[in-house]
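The values are calculated or read from the model by the stated rules, or taken from the named source; none is laboratory data. These figures come from a predicted structure and were not determined experimentally. Note that we place each Cβ from the backbone using ideal geometry, even for glycine, and neighbour counts take in every protein chain shown.
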């Protein structure tokens, strides 16, 4: 027996690793691609256009390829994280087309691609989201304003993301994983509730009518580390409930706090470390301080916000502070989870299309939307008339701000009217749901900005030790809670949402069922 064991295992300092000739093995590959455009683009994330004026830090895509081989059923999955606001169907489909052609041995449906929700990345919308006809839209701001067209950026980015997936797949080698849970305060509930029951996004908390923040905040940091055969850490998956939008009004491209986080982690654990960021359900969260007061006094009697003061005393920006918090949490986790590296975990993945009940537009909203659309159309056409007289306005930032905002608000209200007609014959919304098991942990995706409560409901009821929930694996749109709908803040009104609280609960149940099925097979 001793001879058999020695033949089946390679003995390494600090532990053992199964030889590739053993019964089953996990193979791991990493890659990263720079998807920063080389010319100006329209930046996504606001109602008005921002044409990029340079690059603050790189926009990247990180890919992790996983494959199980041996006497278990072969399985493969590739996780991709992009420094983008969302993953629109056009980008997802272009990536799949590349992979079908250039990596035929991998099923492109095994690739789960999601966004970190930075508000300082290129626009990728080429049609209205959740439009089954995918009617082309040249630019959701009404014009490209001299920048690269979104469709051209999608072509540019898809090719580079595909290259990262292919590279990660071809680099896969025997390795192991370890996982754990830590805490880092990053996301905060951004909805302020007042004594009359109404809620407001980033509403002031120094208002005498302030009652409470509308919902919960979750500082949980889910960590998965990968290791090579010699127990060297090669990469990290970091999953937390906060979008990357510290610099959401920037005129420069940025991956937001994930850049500083990667830099901090690499300074501590090695420059070659890969970091794959995942945005957990957090549609009602942001990294801003309560009431968005990070740039103004906490009250009329104070000169400096106490948290901003601490950043100043530490000599850090807010993004750097977040990077340190995350790196500190990771540093406290790693020595513990390295005691239980798993070299041959079960790997299984499936993707299914599910139908969710559509949030219906009330008839009363249609007339209001029609009036507002007409008002914004008049403003838009007046501004465009000015441009006919003075073509130089195209390069005027304030004019571009005004005309693009009028166009977006016009289309937002027209979409309310279009959706009211569409819902008569299409009462559901079809979405993709990815679910996976990796040893005792699970992954599950959704395409939305899902409010935090839904994520908590799922994680509490799955059979996994930890469940890494990944939102914005699709084009977005909020899924608010019933509590938030009652408050009426931005993100909870019908115009902001394709799916409401009833659809959110259907998603919860379907996700739990998809994850738990791996433990029942």
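Table: residues versus (1) at pLDDT 95 or above; (2) part of a strand (DSSP E or B); (3) in the same structural domain as residue 450 (by TED's automatic domain parsing).
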residue	(1), (2), (3)
223	yes, yes, yes
226	yes, yes, yes
235	yes, yes, yes
239	yes, yes, yes
244	yes, no, yes
249	no, no, yes
271	yes, no, yes
Qualifying position, being more than 17 Å from residue 124 (Cα to Cα), surrounded by 13 or more Cβ atoms within 10 Å (Cβ to Cβ), in the same structural domain as residue 114 (by TED's automatic domain parsing) and at pLDDT 95 or above, among 44, 76, 22: 76
Is it the case that segment 439-452 has a residue that's surrounded by fewer than 19 Cβ atoms within 10 Å (Cβ to Cβ) and in a helix (DSSP H, G or I)? no
If the requirement is being touching a residue at least 40 places away in the same chain (Cβ under 8 Å), closer than 28 Å to residue 501 by Cβ and crowded, with 19+ Cβ neighbours inside 10 Å, which of these qualifies: 370, 405, 359? 359
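Can you tell which of 432, 392 is at pLDDT 95 or above, under 27 Å from residue 41 (Cβ atoms) and either assigned by TED's automatic domain parsing to the domain that holds residue 79 or surrounded by fewer than 21 Cβ atoms within 10 Å (Cβ to Cβ) (or both)?
Unique residue meeting the criteria: 432.
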Being out of contact with any strand residue (DSSP E or B) (no Cβ under 7 Å at 6 or more places or on another chain), in a helix (DSSP H, G or I) and in the same structural domain as residue 143 (by TED's automatic domain parsing) narrows 91, 95 down to just 91
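Out of curiosity, is residue 151 assigned to a strand (DSSP E or B), outside the structural domain of residue 399 (by TED's automatic domain parsing) and touching a residue at least 60 places away in the same chain (Cβ under 8 Å)? Show your work before the answer.
Values: assigned to a strand (DSSP E or B): no; outside the structural domain of residue 399 (by TED's automatic domain parsing): yes; touching a residue at least 60 places away in the same chain (Cβ under 8 Å): yes.
Against the criterion (assigned to a strand (DSSP E or B), outside the structural domain of residue 399 (by TED's automatic domain parsing) and touching a residue at least 60 places away in the same chain (Cβ under 8 Å)), residue 151 does not qualify.
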Matching residues, segment 100-139, being surrounded by 17 or more Cβ atoms within 10 Å (Cβ to Cβ), modelled with pLDDT of 95 or more, touching a helix residue (DSSP H, G or I) at 6+ places or on another chain (Cβ under 9 Å) and in a loop (DSSP other than H, G, I, E, B): 103, 106, 116, 118, 123, 124
Answer yes if at least one residue in segment 319-340 is in the same structural domain as residue 129 (by TED's automatic domain parsing), in contact (Cβ under 8 Å) with a residue 12 or more places away in the chain and not in a helix (DSSP H, G or I), and no otherwise. no
A careful count of residues in segment 164-188 that are in contact with a strand residue (DSSP E or B) (Cβ under 6 Å, 6 or more places away or on another chain), in a helix (DSSP H, G or I) and surrounded by fewer than 19 Cβ atoms within 10 Å (Cβ to Cβ) gives 1
